[in-house]
Amino acid sequence: MSGPVTPAQTRSYFRRLARYYAWFTVCFALFLGALGILENEGMPRQWIGHLYMFATIVLYAIIGVVSRTSNVSEYYVAGRRVPALFNGMATAADWISAASFISLAGTLYLHGFDALAYVMGWTGGYCLVALLIAPYLRRFAQYTIPDFLAARYGGDGAAAGTTRRGNQVRALAVGATIVVSFTYVVAQIYAVGLIASRFTGVDFSVGIFLGLASILVCSFLGGMRAITWTQVAQYIIILVAFLIPTMWLSMKFAGNPVPQVAYGSVLPKLAQREAQLAADPREAEVRAAFRARADEYGARLAGLPQSWQAGKLDAQRRLDAARGRSAPLGEVRAAERALLDYPRTADEAARTWNELRAANLARAQPPEPHAEPFPGATRAESDIRRNNFLALVFCLMFGTAALPHILMRAYTTPSVHDTRVSVFWTLFFILLIYLTMPALAVLAKFDIYTALVGTRFDALPTWVSYWANVDKANPLIGIVDVNGDGIVQLAEIAIDGDVLTLATPEIGGLPYVISGLVAAGGLAAALSTADGLLLAISNALSHDIYFKIVDPGASTQKRVTISKLLLLGVAFIAAYVASQKPADILSLVGAAFSLAGSAMFPALVAGVFWKRANFAGAITGMATGFIICLYYMLHTNPMLGGSTDALWFHIAPISAGVFGVPAGALALVATSLLTAPPPRTSGALVDHIRAPE
């Protein structure tokens with residue numbers, strides 16, 4: 001289609017797409033059935049994993065090849081003809097990232113009520129998108145978020161986006177887009193590596209670049225058009241992969257296939273089991289052992305630097321002794337490893353021992369009640385947790401409403417009305433998953449607390465060793481017999497939140513074909529979001545920097561080619577960073593949301609609703625919000641060299657946006673009021689985008 005899209009064309013296009021995806025769903029069901037039969041006939045698990053990986057890459061490659069394009073409108077905004085229902089599915093897939101699919105259920109498992117902040121913040125953010133931003137961006141009808149900010153604050157009417165002032169705003173918006181999207185995409189590619197290594201048995205780093213092929217085959221060939229149609233298919237896979245194991249656990253423990261309803265009956269049983277474990281003397285024995293270890297690290301810290309020197313000499317003496325008495329090779333190698341792993345300096349020892357002390361103190365605590373809001377030993381501790389809960393909801397809401405790769409999808413529908421309907425469908429499709437996640441966390445937790453806890457170490461289920469060996473450097477699950485009784489205690493289990501969803505089928509005793517399906521769903525979630533993020537970065541660089549600033553006379557073919565090359569470069573840089581395992585998935589994503597909200601949200605909302613907002617206000621607001629947010633993260637996050645002693649009001653680094661967003665908004669308002677008002681053409685643009693269609 002080209003030119004204006006008529007209602008008849010839209011209906012015909014919708015029916016054709018509905019047929020295509022109905023056939024896809026049928027074929028996907030047949031594929032699952034065939035794999036189930038093959039597993040029953042004795043096909044090795046590794047082959048099933050390879051088949052899943054091969055089938056998904058081929059599927060995405062086919063859609064990418066069929067949807068390939070060099071047309072600017074098709075490449076950047078899918079020709080502005082995506083029906084609302086399908087745009088809702090694509091946006092939901094874009095939204096349900098690795099953090100949602102892989103990490104969120106695990107975070108709910110580990111932190112209980114406190115983790116509901118993620119569900120509330122992310123869904124609440126979509127309400128802000130629907131009410132405050134998305135319809136007005138579609139009315140503006142350009143290509144990127146920096147396009148809108150440059151035109152609104154550039155100051156010269158139709159040509160505002162290409163003036164000196166417009167280019168300054170554009171460059172700042174592009175910088176924020178790149179930082180936010182790059183931080184987010186690293187988390188997605190990390191998840192791709194985790195799942196691909198689980199799928200195929202390859203090394204984690206190799207898995208990252210294997211998964212990267214799936215990302216590039218879509219976004220590189222067809223841009224937004226290919227990504228949109230791939231994401232619709234990916235959403236179907238995500239939904240099926242998440243619901244099947246959760247419904248199985250729901251039937252197993254509650255006799256009800258609707259997990260959102262059933263887990264209410266499991267919660268009282270879980271609370272009873274938590275109380276039993278908290279009072280169990282063997283659990284208390286294990287927790288005491290961890291407390292003793294924490295005290296030992298505390299003593300070492302108090303004795304620095306002498307304790308570091310003594311420890312190093314002791315490690316060297318053990319190695320010399322093992323070699324001197326011709327000890328077995330394994331013992332010698334262990335002594336060598338202990339010496340190599342020993343901190344090289346007293347400062348490094350202080351950091352390492354502080355982390356180990358904190359980790360042992362955490363494991364020395366009794367289990368927190370899953371359903372209790374903001375538990376704390378004192379009222380002050382409880383208040384701190386409540387404040388962090390509210391701060392995180394705030395950051396995720398405003399960050400969601402400013403994420404470039406999500407807001408870009410507002411440009412892809414045929415009309416403003418379709419954009420509003422599309423956001424409704426997006427919320428509906430997201431809630432199908434998000435209302436199930438708390439249920440999965442409760443059901444999996446009850447299974448582990450009742451089935452795994454109390455098991456003999458010589459009868460551990462196979463999934464424990466399987467997941468422990470996926471990443472040997474940083475095991476995703478570890479169970480050590482601390483008190484030597486040969487029985488698994490809850491305090492002896494260390495489980496990474498990123499593994500829970502992927503391991504759910506094995507925890508629940510489902511066939512391996514369902515485990516592969518869940519991994520395929522996690523891969524689809526990571527790939528769909530990574531596609532959108534990489535396109536947001538490459539489009540910002542090719543359209544907003546190259547075409548709008550460097551070479552305004554570039555041909556459409558050249559613009560699309562530049563975008564593809566930039567996408568390729570950014571993808572490989574992100575893959576390299578992800579291979580270094582910079583942090584856990586949810587921490588990276590949380591940082592992206594705080595940065596997005598702080599840098600972009602005040603300027604976007606003021607650009608739509610406050611005519612007095614001007615160029616100076618936008619520049620000051622964006623810079624102030626971003627700098628305050630980044631400063632707080634760097635100075636309070638121990639992983640970035642900061643210290644928790646520098647916290648403001650005890651707010652965690654992940655919620656840095658609670659300071660960045662208000663600072664940016666205040667700076668924008670104050671500067672706009674203290675400087676000359678914007679020209680009338682700027683107000684005319686506001687009137688245009690807010691006028692009924």
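Counting only chymotrypsin sites (Phe, Trp or Tyr not before Pro) that DSSP places in a loop and that have at most 12 other Cβ atoms within 10 Å, the longest clean stretch of the chain runs over 1-647.
Over all distinct Cα-Cα pairs of the range 104-242, the Kirkwood formula returns a hydrodynamic radius of 18.4 Å.
Only the Cβ atoms of Lys and Arg (+1) and of Asp and Glu (-1) were treated as charged; on that basis the dipole of the range 379-479 about its Cα centre amounts to roughly 160 debye. When you restrict to C-alpha pairs under 8 Å that are six or more residues apart and normalise by the size of the chain, the relative contact order lands at 28 percent. Look at the alpha carbon pairs under 8 Å that are at least 6 residues apart: their mean separation over the length of the range 240-362 gives a relative contact order of 24 percent. Think of the range 205-314 as having a plus end and a minus end, set by charges on the Cβ of Lys, Arg, Asp and Glu; of Ala289, Ile237, Phe209, Ile237 sits farthest toward the positive end of this dipole. For the range 263-275, 3J(HN,Hα) computed residue by residue from phi via the Karplus equation (6.51, -1.76, 1.60; θ = phi - 60°) reads 5, x, 7, 8, 4, x, 5, 5, 4, 5, 5, 4, 5 Hz, glycine and proline entered as x. If the viscosity is 0.692 mPa s and the temperature 37 °C, what translational diffusion coefficient in µm²/s does Stokes-Einstein give for the chain when Rh comes from Kirkwood over Cα pairs? For the chosen part, D equals 123 µm²/s. The charge dipole of the range 263-324, taken about its Cα centre with unit charges on the Cβ atoms of Lys, Arg (+1), Asp and Glu (-1) only, comes to about 200 debye.
The range 450-465 and the range 623-652 have Cα centres separated by 41 Å. Proximity of backbone amide H atoms, modeled 1.01 Å from N, is registered between Ser67 and no other residue at under 5 Å, excluding neighbours fewer than 5 places apart on the same chain. Taking the accessible area of the chain, probe 1.4 Å, and keeping the other protein chains in place, the carbon and sulfur fraction comes to 64%. Separation of the range 515-548 and the range 215-255, taken as the distance between their Cα centroids, equals 15 angstrom. For the chain, adding -39500 (n - 2.57) for each run of n ≥ 4 DSSP H residues and dividing by the number of residues yields -24000 deg cm²/dmol at 222 nm.
The lysine pair count for the chain, using Cα distances under 29 Å and pairs eight or more places apart or on different chains, is 12.
Rounded to the nearest 20 debye, the dipole magnitude of the chain is 2020 debye, with +1 charges on Lys and Arg beta carbons, -1 on Asp and Glu beta carbons, and the Cα centre as origin.
When nucleic acids and ligands are ignored and a 1.4 Å probe is applied, Val488 ends up with an accessible area of around 0 Å². Qualifying trypsin sites (Lys or Arg not before Pro) in the range 325-393, where qualification requires a DSSP coil assignment and no more than 12 other C-beta atoms within 10 Å, comprise Arg325, Arg344. Dipole of the chain computed with +1 at Lys/Arg Cβ and -1 at Asp/Glu Cβ about the Cα centre; of Ala362, Tyr153, Ser682, farthest Cα towards the positive end is Ser682. Ranking Ala574, Tyr190, Leu541 by how far each Cα lies toward the positive end of the dipole of the chain (charges on Cβ) leaves Leu541 at the top.
Take the chain with all the other protein chains still there, run a 1.4 Å probe, and you get 40 Å² of accessible area per residue. For Asp458, the solvent-accessible surface with a 1.4 Å probe is about 120 Å², rounded to the nearest 10. Per q in 0.21 1/Å, what log10 I(q)/I(0) does a Debye calculation on the alpha-carbon atoms of the range 24-126 return? For the requested q values the scattering log ratios are -1.13.
The values are calculated or read from the model by the stated rules, or taken from the named source; none is laboratory data. Model, not experiment: these values are computed from the prediction. Counting neighbours? That spans all protein chains shown, and the Cβs are built from the backbone with ideal geometry, glycine included. Note: accessible area is taken over every heavy atom of the protein model, side chains too, but ligands, DNA and RNA are not part of it. Shrake-Rupley method; radii C 1.70, N 1.55, O 1.52, S 1.80 Å.
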